[in-house]
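The values are calculated or read from the model by the stated rules, or taken from the named source; none is laboratory data. From a predicted model like this one, the values you see are computed outputs, not experimental measurements. Because the Cβ atoms are built from the backbone with ideal geometry, glycine has one as well, and the counts that use them run over all protein chains shown. Areas reflect the complete protein model, heavy atoms only, side chains present, ligands, DNA and RNA absent. Shrake-Rupley method; radii C 1.70, N 1.55, O 1.52, S 1.80 Å.
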Amino acid sequence: MSALLDVEDLAVRFRSDSGEVTALEGVSFSVAAGETLAIVGESSSGKSVSALAIMRLLPPAPACRVTGRIRFQGRDGPISLLDLPERAMVAVRGGEIAMIFQEPMTSLNPVHMIGRQIAEAVLAHEGGGKTAALRRAIELLDLVGIPDAARRAESYPHQLSGGMRQRAMIAMALASRPKLLIADEPTTALDVTVQAQILDLLRRLQAETGLAIIFITHNLGVVAEIADRTLVMYSGQVVEEAPTASLLAAPLMPYTRGLLNSVPRLEAALRPGQRLPAIAGNVPDPRHRPAACTFQPRCDWAQPDICGVTRPGMERVAEAHLVRCARWREIAV
Amino acid sequence: MTVTVTAPLLDVQDLAKHFPVGSPLSGKRGIVRGVDGVSFTIGRGEVLGLVGESGSGKTTVGRTVLRLQDPTAGAIRFRGQDITHLSRRALRPVRQHMQLVFQDPYASLNPRMSVESILSAPLIIHGEKMARGERRARVEEALQLVGLFPAAADRYPHEFSGGQRQRIGIARALMLRPELLVADEAVSALDVSVQAQVINLLMDLREQLQLSMLFIAHDLAVVGAISDRVAVMYLGRIVEVAPTAALFTGPRHPYTEALFSAAPDTDPARRPQRIVLKGDLPSPLSPPSGCAFRMRCPYAVSACADDQPALRVAGPGHFKACIRDDLTLSAPLKVR
Ligand SMILES: Nc1ncnc2c1ncn2[C@@H]1O[C@H](COP(=O)(O)OP(=O)(O)OP(=O)(O)O)[C@@H](O)[C@H]1O
Ligand SMILES: Nc1ncnc2c1ncn2[C@@H]1O[C@H](COP(=O)(O)OP(=O)(O)OP(=O)(O)O)[C@@H](O)[C@H]1O
Ligand code: SF4
Ligand SMILES: [Mg+2]
Ligand SMILES: [Mg+2]
């Protein structure tokens, strides 16, 4: 089975007055049609930057340099996204690949009614008349669960609650009937009942249209519910990749284990004042990353003579399970 | 002024916030009842959690309580003082005791200011006189409190990830050492390990500084971990409020039951029988008669359409706005 999207050895470097930051290094993964890949990981590990690199939405050089290969199976054959002229990329962005952002306000225009904004996205993709586009926009708003869609279409973004803005943005992303949807924290701002509805909605769209989804989230409960495979990122690198069920049941990389251990449990409600389990310490400053394993300063398993010497590579543990840790064999037992 | 120990730090009575909406094009106009008839108190050092469907009015409650928005009706007392109608000027000395951590870390940090300037601004605005070096020390201390490296002070917001920006927002809110913190989805954008650190940090601050909090979040486990009591909102109103353990072991409002059942879980075996709510949150432009939840409530009877159910006692410190007292609702946790 060939992949819909294939990312190979992706690296992203930012330059600023205070020096160069390597936001991503050696990131490789693929997504098949109809598949949902989750990307989880520590804040600032590079999840959003990975998504923006695929969308070619990072600042231009010299402020930002992107290297590696990103191949996408377009409707008219395979394309190499990093080599595409900007004009062709605009078409890909508004069409076959759509993205929804962590922050709805960054992609909704504050001075236009949301119905009109979605209608414009519909028009750009399907053509047709304004009235038909607006009708489709209302349909899309209704599809994502906005009550009283016809009337709400006349709201401006600031008049909607955070959750409703997020749903409006999902509606806008779906306007171009994409093959790949990149969703960066799409449910982070939503309450659990709406979140459950959105997850249902995405699963339904996927079943009906074969949509592939890259789902970036912090919420491992959401990952468990929606993702076929999961990628764990730490400090600019992928540190573990596995089918979601195996990752949750038998995580190997100590960071992944710490992450799972920190998931807040409902039981905490019965233990007032008790501190939650957390990974001690902080992500390293990207300008001063440890030369070997980047997780070493926080890792319970770390052995300086092994983990402090060379940067571990990705090793294959099982068919689809990869891990970046010098001691995974010992951890596995 | 001395405040008696028994007086709550914050006392909100019958709060309402309505928004006129409509577009001049279509001529359709109306009033969004964002918040209606909301009453609650927060004691010193107490954390009140606020959960509820998106659009139910949580942010509006938080912002109105802080007088960032003017209430349509009701009364807000803070530190024994009625602040409902205080002028902007009169509010100023009150403001430093109450701080908001925003839901949206992107919109709330000025991109042209360095982190040091962002964090020093509250000190300067509230006229705390201190030498530059001392101010820098306070900034670095706040950064360390929220788990950022001290050199972050010299960078600009765009150089940080979403989660890091949220920590900057929390650090800013803590600069003036406030008594009341309104945390609006303050940890929602954080990955779980940082989230746990920040929650532990808030617990520490609450113990050390007697910090009170209105903690708004949609992650029930997070709310449960930090809150003494939890209030559940639906369409602008509080439909249930109870001590945390009581709510998690015995919800008494059908909406609360549905909310708990929707919580995602990493362990499929622990995932409760999901109640998928039919339909949508009704439009706050034209709320239904009677109980606002009745169209989606699996237990609704015809009497539910008659009157808006008032909050009634359901147990010690436990109130619910549902007319049916005969229900046994499923709870996510068992009494120990
Ligand atoms: N425009 C930029 N200029 C400089 N550095 C940047 C820029 N955008 C991102 N970075 C840096 O790149 C790294 C990765 O950031 P990214 O936004 O991808 O994190 P993330 O994994 O999405 O985190 P979060 O979960 O907090 O959203 C961070 O160190 C961040 O500070
Ligand atoms: N400035 C405004 N003008 C018109 N309506 C508004 C305005 N601000 C809020 N509302 C409406 O008031 C209601 C409550 O919104 P609020 O943002 O308080 O909800 P919330 O519970 O915080 O939701 P979320 O969980 O999505 O953040 C919503 O129907 C919203 O659309
Ligand atoms: S009052 Fe009636 S409709 Fe409302 S929640 Fe209770 S049972 Fe359901
Ligand atoms: Mg991000
Ligand atoms: Mg809100």
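Peptides A:84-95, A:110-121, B:201-212, ordered by how many other C-beta atoms sit within 10 Å of their residues on average, highest first, read A:110-121, B:201-212, A:84-95. Checking the Cα-Cα distances for A:179/B:17; B:58/B:129; B:58/B:334; B:17/B:129; A:47/B:334 against a 31 Å cut-off, the pairs over it are A:179/B:17; B:58/B:129; B:17/B:129; A:47/B:334.
I need the peptides A:316-323, B:54-61, A:7-14, A:148-155 ranked by packing, meaning the mean over residues of other C-beta atoms within 10 angstrom, with the highest value on top.
Values: A:316-323: 16.0, B:54-61: 26.8, A:7-14: 18.1, A:148-155: 20.4.
Going from most to least packed, we get B:54-61, A:148-155, A:7-14, A:316-323.
Computed over protein heavy atoms with a 1.4 Å probe, the carbon and sulfur contribution to the accessible area of chain A reaches 53%. Projecting label points 7 angstrom from Cα along Cα→Cβ for residue A:319 and residue B:97 puts them 6.4 nm apart.
Looking at chain A, the DSSP beta bridges with both ends there are about 65 percent antiparallel.
Under a model in which nothing but the beta-carbon of Lys, Arg (+1) and Asp, Glu (-1) is charged, the range A:106-177 shows a dipole of about 20 debye around its Cα centre. Entry note, the protein assembly as shown: the mean residue ellipticity at 222 nm calculated from DSSP H runs of n ≥ 4, each adding -39500 (n - 2.57), is -9000 deg cm²/dmol after division by the residues and rounding to the nearest 500. The mean number of partner chain beta-carbon atoms within 10 angstrom of a residue's beta-carbon across peptide A:44-55 is 2. Quick one: among B:193, B:261, B:39, which has the greatest mean-square fluctuation in a GNM of chain B with alpha-carbon springs under 10 angstrom? So, out of B:193, B:261, B:39, the one fluctuating most is B:193.
So how much accessible surface do A and B hide from each other in total, probe 1.4 Å, in square angstrom to the nearest 100?
Numbers: alone 16070 and 16620 Å², together 27060 Å².
Buried surface at the A/B interface: approximately 5600 Å².
Counting only other chain Cβ atoms within 10 Å of each residue's Cβ, the peptide B:207-219 averages 2.
Highest mean packing comes first when the peptides A:41-48, A:242-249 are listed by Cβ atoms within 10 Å, giving A:41-48, A:242-249.
Take the protein assembly as shown with all the other protein chains still there, run a 1.4 Å probe, and you get 40 Å² of accessible area per residue.
Kindly work out what percent of the DSSP beta bridges joining two residues of the protein assembly as shown are antiparallel, to the nearest 5. Provide the component values of the computation, followed by the final result.
Details: 60 of 96 bridges.
So the antiparallel bridges amount to about 60 percent of the total.
I'd like the mean, over residues of A:208-220, of how many other protein chain beta carbons sit within 10 Å of each residue's own Cβ. Show your work: numbers first, answer last.
Numbers: counts 0, 0, 0, 0, 0, 0, 0, 0, 0, 1, 12, 7, 5.
The mean count of partner-chain Cβ atoms within 10 Å per residue comes to 2.
Which of B:154, B:307, B:326 moves most in a GNM of chain B, Cα contacts under 10 Å? In the Gaussian network model the winner is B:326.
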